[in-house]
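Below is one structure; the comments refer to it alone.
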Amino acid sequence: MTLAIAAVMFMLVLDGSILNTSLPAIAASQGVPPLALSAVVTAYLLAASAVLPLSSWLGERHGMRKIFLVGVGLFTLASLLCGLAQTPGQLVLARVLQGAGGGLLLPIGRTIALRGARKEDIVGIQALLVWPALFGPVLGPPLGGFLSTYATWRWNFLLNVPIGLIGMALLARWVPRDEPGPARPFDMVGFIGAAGGLTLFIGGVEWVSHDIGRAQGHLASVLCVLAGLATLVWTVGHLRRATHPVVSLSPFEHRSFVVSTVGGTLAATAIQSTPFLLPLLFQLGMGRDAVSAGAMLLPYFAANLGMKTVTTPILQRFGFRTVMIASGLISALSIAAFALVDAQTPWVLLISLLMVSGASRSMSMTAINTLAVADLPQHKLGASSTLAAISSQVAGAMGVAVGALVLAAMAHLGGREHLAVGDFSAAFLVVAVFNALAVVQFWRMPHQAGAEILRPRESRG
């Protein structure tokens, strides 16, 4: 069951990361400039952000299994419509529908996978649930470049159709039916505040990243970000007072959840920014084409995959606090080390650095996501999954925006229209600081944080 859910999550994350490299090909086929298709990316993000706060309530009201299948079906249908779109307008509308389906999948899939799980099984479940977020951003760019170059950009979307249909069949077979819960009143005010705040904030961050490099237009995008933050702050106050909040904040009563969410958002911002910066460095700083630049990330991917075989034993041996601090430090240092990479860097050194960075990010994210639910009772899993999905969405948008902002700022300060290798050095150093700030959060954890989740297997060992 967990593997089927992870496969659906992988489809979701891959779709988001595969598109950026395909936008020029899509724009050429539609006869419009690439920047005119930025709405294709933004429409998905905004639709997913608007639906996220609603997902937990819908799952409780109608059953998690049913809503998850609806989300997969909606995402699959929308992918087909994207692949068949004949105009930019049709593609944007299909992406809105796709985003609505995607907004249901992340939180509900995590809730289903963890529902009823034994404490000793949570580490393994989280390891499976984390790999889509780790592998998708690495595989997406080279796959998108390959399909757009040697086939057609439409396959970027049509590829989701068979995966979605197979996923629905497996989920219908293996996910047990669940009865809808009691009819909890719908918090319309909380939903409007959360959906509106997330839409403004994430949309504003995306807007800022597109405004970078333009002479004008920054004020409106910054005001959008600030309006989103203000709305979210107001909404948090409402959710704390509401009798039946659309998104419960009760998981924040647990210190392990607070530390892993705050630190995890900072770490994920750095981790999501790195796969965005590396292909650009390989192309602009080392003269590689899009396909070979994406292929150079394969050691990064391999280390992510290989780390999964030792994640659980490492956590059981050293505990969450030690592992999260150590892997966070290694991740921050390896990201900072990319600031020294240029066309003269020996291949052995570059591959080693990619593998160290990939392995540390894999270890970090598995530990962070596992600790987030380690001390939570079953009835809080739905709320924690929604909050984790919101954190992931924010970190993904911030990761790209931070990287793009630093690159543009360095080019502007240097009086250049084109990026230089030194611009990437500054970007990697700034991103590494985000990862280092996450380590500061992890340092605040008690030494026995999450020990209960590891104890059953230790006692048998």
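Some points to look at:
- Against the test of being more than 24 Å from the chain's Cα centre (by Cα) and closer than 17 Å to Leu281 by Cα, the options Ile351, Ile335 yield a single qualifying residue, Ile351.
- Here segment 434-451 is the region considered, the condition is being part of a loop (DSSP other than H, G, I, E, B) and open to solvent by less than 50 Å² (accessible area, probe 1.4 Å), and the residue that is nearest to Leu333 (Cα to Cα) is Met445.
- Check on Val402, at pLDDT below 90 and either buried (at least 21 other Cβ atoms within 10 Å of the Cβ) or within 20 Å of Arg288 (Cβ to Cβ) (or both): yes
- Listed by first and then second residue, the pairs linking a residue in segment 150-169 that is closer than 16 Å to Phe10 by Cα to a residue that is exposed (fewer than 15 other Cβ atoms within 10 Å of the Cβ) and of a type in the set (Phe, Trp, Tyr), with Cβ atoms under 9 Å apart and 6 or more places separating them unless they lie on different chains, form an empty list.
- Test: residue in segment 370-384 that is hydroxyl-bearing (Ser, Thr, Tyr) and either under 15 Å from Asn435 (Cβ atoms) or in contact with a strand residue (DSSP E or B) (Cβ under 8 Å, 6 or more places away or on another chain) (or both): no
- Number of the condition not met by Val431 [criteria: (1) more than 22 Å from the chain's Cα centre (by Cα); (2) crowded, with 19+ Cβ neighbours inside 10 Å; (3) not aromatic (Phe, Trp, Tyr)]: (1)
- Test: residue in segment 58-76 that is farther than 27 Å from Val247 by Cβ and either touching a residue at least 60 places away in the same chain (Cβ under 8 Å) or within 23 Å of the chain's Cα centre (by Cα) (or both): no
- The number of residues in segment 405-427 that are surrounded by fewer than 21 Cβ atoms within 10 Å (Cβ to Cβ), in a helix (DSSP H, G or I), hydrophobic (A, V, I, L, M, F, W, C) and more than 21 Å from the chain's Cα centre (by Cα) comes to 7.
- In this structure, Ala230 does not satisfy being surrounded by 18 or more Cβ atoms within 10 Å (Cβ to Cβ), at pLDDT 85 or above, assigned to a helix (DSSP H, G or I) and of a type in the set (A, V, I, L, M).
- Looking only at residues in segment 93-124 that are open to solvent by 20 Å² or more (accessible area, probe 1.4 Å) and modelled with pLDDT of 90 or more, the one that is farthest from Leu12 (Cα to Cα) is Leu93.
- Segment 357-374 - residue that is closer than 24 Å to Glu253 by Cβ and among the hydrophobic types (A, V, I, L, M, F, W, C) and, of those, surrounded by the most Cβ atoms within 10 Å (Cβ to Cβ): Ala367
- Selection from segment 235-280 of residues that are in contact with a helix residue (DSSP H, G or I) (Cβ under 8 Å, 6 or more places away or on another chain), farther than 17 Å from Met398 by Cβ, of a type in the set (Val, Ile, Thr) and part of a helix (DSSP H, G or I): Thr235, Val258, Val259
- Scanning segment 281-298 for residues that are modelled with pLDDT under 80 and part of a helix (DSSP H, G or I) yields Gln283, Leu284, Gly285, Ala290, Val291, Ser292, Ala293, Gly294, Ala295.
- Restricted to helices (runs of 4 or more DSSP H) entirely inside segment 1-75, those with at least 1 residues that are at pLDDT 80 or above and touching a Ser or Thr at 6+ places or on another chain (Cβ under 6 Å) are 38-62.
- If the condition is being under 29 Å from Ser364 (Cα atoms) and open to solvent by 50 Å² or more (accessible area, probe 1.4 Å), then segment 140-186 contributes Leu143, Ile163.
- Test: residue in segment 384-398 that is in a helix (DSSP H, G or I), under 22 Å from the mean Cα position of the chain (by Cα) and over 25 Å from Ser248 (Cβ atoms): no
- Top-ranked residue of segment 135-161 - restricted to ones that are more than 18 Å from the chain's Cα centre (by Cα) and aromatic (Phe, Trp, Tyr), ranked as farthest from Ile271 (Cα to Cα): Tyr150
- Assessment of segment 300-310 against the conditions (assigned to a helix (DSSP H, G or I), open to solvent by 30 Å² or more (accessible area, probe 1.4 Å) and at pLDDT 90 or above) yields no matching residue.
The values are calculated or read from the model by the stated rules, or taken from the named source; none is laboratory data. Remember, predicted model here, so these are calculated numbers, not experimental data. Cβ atoms come from the backbone with ideal geometry, glycine included; neighbour counts cover every protein chain shown. Protein only, heavy atoms only, side chains kept; ligands, DNA and RNA dropped before computing areas. Shrake-Rupley method; radii C 1.70, N 1.55, O 1.52, S 1.80 Å.
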